[in-house]
Amino acid sequence: MFFTSGVSVLFEANYHTAAEIVVNQGGTSSGKTYAILQVLMLYAVAQQRKVITVVGQDIPNLKSGALRDALKITDESDTIKNAILSYNKSERVFQFRNGSIIEFRSYADPQDAKSGKRDYLFINEANGISWDIYQELSLRTKTRVYIDYNPNAEFWVHDRLLGKKNVKLIISDHRHNPFLNFEMRQKIESIKNEDIELWKVYARGLTGKISGLVLNNWHLCDDIPPRAKLVAIGLDFGFTNDETGCLAVFKQNGELWVDELFYETGLTNPDIANQLSSIGLSKNALIVADSAEPKSIEELRRLGWNIVPAKKGADSINISIDILKRYKLNISRRSINLRRELARYKWKTDLAGRTLNEPIDRWNHLIDPLRYVALNQLKIKGNGKTKTRLPYIQQHLIQSEPYLFTI
Ligand SMILES: Nc1ncnc2c1ncn2[C@@H]1O[C@H](COP(=O)(O)OP(=O)(O)OP(=O)(O)O)[C@@H](O)[C@H]1O
Ligand SMILES: [Mg+2]
């Protein structure tokens, strides 16, 4: 037998394909890297003078992953061992007797990636490699590109490759790898007890939410339940460039329900008062507003509204976010601007891409009033329960038998 230890369904799916690009998205230990390397070894042995490049984010990554697996694969197969003329450890190049080579490389920048041409390319853990580098490499690849990654978040594969002609997608998880022991499987499944998002990505190979999103515990609802209790109205003042944002926060059964009321530039304080009246808000309803505009707050109070400033404090942004994260947030479908803000409200990152403990200060004219209500009216304890409802297709994949999802 060519591979003494055997092959998995992933090997078959990667081997029997005519696609130009084969994308292996998957959970951890599904056997992606191993299967692709087996396929590439087979090509190297069976085809003369082929150049195969395996690319990793950096050399330490390759050494502890793909390269180690490649050495294991060669070690376990006499056929491959006999076909190899030499292995240059410092250059990380396997030289085959038939003239084929497999090289393990990393590229510093797109310019660096312009060097050399190849027949087959394997981008290992592709979310660590930039689109620009990928593009230079794939342009110089004659026959086929293999890609593998854990889908922590969408990246260029999702934006630019999936769905295109000649791109095959294979989604796998540990259940497709027959070479894994029980303890390992249990460890992977137990991620569920810590974080459902992580479990989705690492135990099921399903694409996670964009990393760095501040609030991802929100869901759409058609309407506010009639018996939900109004917690407060949140109000953020804007004028020329920034919108005045106003929303209503309700609570029922430990969950929050949020409804956008208005989101407009150019509103004066009397305009705001008119808006509040026109939606039928009682003058008794509590309004929590941006504390940076005491004059506006006072003006609205003199017009009869029950309005107070949001609590101030050095860490008020993070405190209010912590509070909001503890609730399931039900956002009414009509809250279009709030939905847009939530989808963009991310933690700041530094130049190296590391997440900072501070949200971006944009697209928050409805999120800020939501925070104000949380700060003043909601307890830090919350109910501790946030349920994640997965999109239909992902739900279906989780519940179904562990068939190999391919398109
Ligand atoms: N055909 C095989 N024969 C023997 N062992 C295998 C085979 N396929 C997978 N394995 C074993 O399963 C382990 C996990 O596989 P692999 O590293 O390819 O998973 P992966 O999907 O790339 O995981 P990650 O996403 O974490 O990188 C390998 O280290 C290897 O020990
Ligand atoms: Mg891998």
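When the chain is fully extended, how far beyond the present Cα-Cα distance does E189 get from N82, taking 0.36 nm per residue of separation?
Numbers: separation 107, 0.36 × 107 = 38.52 nm, distance 3.95 nm.
Residue separation times 0.36 nm, minus the Cα-Cα distance, leaves 34.6 nm.
FRET efficiency for the pair N318 and R362, taken as 1/(1 + (r/R0)^6) with r the Cβ-Cβ distance and R0 = 25 Å, rounds to 0.90.
Per residue, the accessible area of the chain comes to 50 Å², computed with a 1.4 Å probe over protein heavy atoms only.
Using a simple spin-label model with pseudo-atoms 7 Å out from Cα toward Cβ, K72 and N166 lie 3.3 nm apart.
Under the 0.36 nm per residue contour assumption, what length would be gained going from the current alpha-carbon distance of L230 and E264 to full extension? Display every interim value, and only then the final one.
Details: separation 34, 0.36 × 34 = 12.24 nm, distance 2.27 nm.
Additional length available on full extension: 10.0 nm.
Provide the net charge surrounding D173, with neighbours chosen by a C-beta distance below 11 Å and charges set as Lys +1, Arg +1, Asp -1, Glu -1.
On the way: positive: K32, R175, R185, K200, R204; negative: E189.
My count for the surroundings of D173 gives +4.
Can you tell me the dipole magnitude for the chain around its Cα centre, using point charges on the Cβ only (Lys, Arg +1; Asp, Glu -1), in Debye to the nearest 20? Rounded to the nearest 20 debye, it is 680 debye. Under 27 Å between alpha carbons, and skipping anything fewer than 8 positions from K229 in its own chain: which lysines qualify? Of all the lysines, those that pass the test against K229 - Cα under 27 Å, at least 8 places apart if same chain - are K251, K283, K311, K312, K325, K328, K379, K381, K385, K387.
Remark: spin-label model distance L139-N284 equals 7.0 nm, labels positioned 7 Å along the Cα→Cβ axis. Who wins for biggest fluctuation among F122, F155, F182 in a Gaussian network model of the chain, springs between alpha carbons below 10 Å? Of F122, F155, F182, the Gaussian network model singles out F182 as fluctuating most. For the Cα atoms of the chain, what angle does the longest principal axis make with the long axis of helix 367-377, in degrees from 0 to 90, nearest 10? Taking Cα atoms only, the helix is inclined about 60 degrees. Over the chain, DSSP H runs of length four or greater, each weighted -39,500 (n - 2.57), average out per residue to a 222 nm ellipticity of -9000 deg cm²/dmol.
Could you grab the relative contact order for the chain? Cα pairs under 8 Å, six or more apart, rounded to a whole percent.
Details: 776 pairs, mean separation 65.8, N = 407.
Relative contact order, the chain: 16 percent.
If you place +1 on the Cβ of every Lys and Arg and -1 on the Cβ of every Asp and Glu, how big does the dipole about the Cα centre of the range 218-377 come out, in debye to the nearest 20? Kindly include the intermediate steps, with their values, before the conclusion.
Details: 22 positive and 21 negative charges, 109 e Å.
Using Cβ point charges on Lys, Arg, Asp and Glu, the range 218-377 gives about 520 debye.
Computed with every protein chain present, the accessible area of W199 is close to 10 Å² [probe 1.4 Å].
Size of the range 116-176 from its Cα atoms: along the principal axes, largest to smallest, the extents are 36, 21, 21 Å.
Partners of K117 within straight-line reach, counting aspartates and glutamates whose Cα lies under 20 Å from its Cα and excluding those fewer than 8 residues away in the same chain: E20, D58, E91, E103, D109, D132, E136.
The mean sequence separation of alpha-carbon pairs under 8 Å and at least six residues apart, normalised by the residue count of the range 218-377, gives a relative contact order of 31 percent.
The values are calculated or read from the model by the stated rules, or taken from the named source; none is laboratory data. A quick note: this is a predicted structure, and the numbers were derived from the prediction, not measured. Note that we place each Cβ from the backbone using ideal geometry, even for glycine, and neighbour counts take in every protein chain shown. Areas reflect the complete protein model, heavy atoms only, side chains present, ligands, DNA and RNA absent. Shrake-Rupley method; radii C 1.70, N 1.55, O 1.52, S 1.80 Å.
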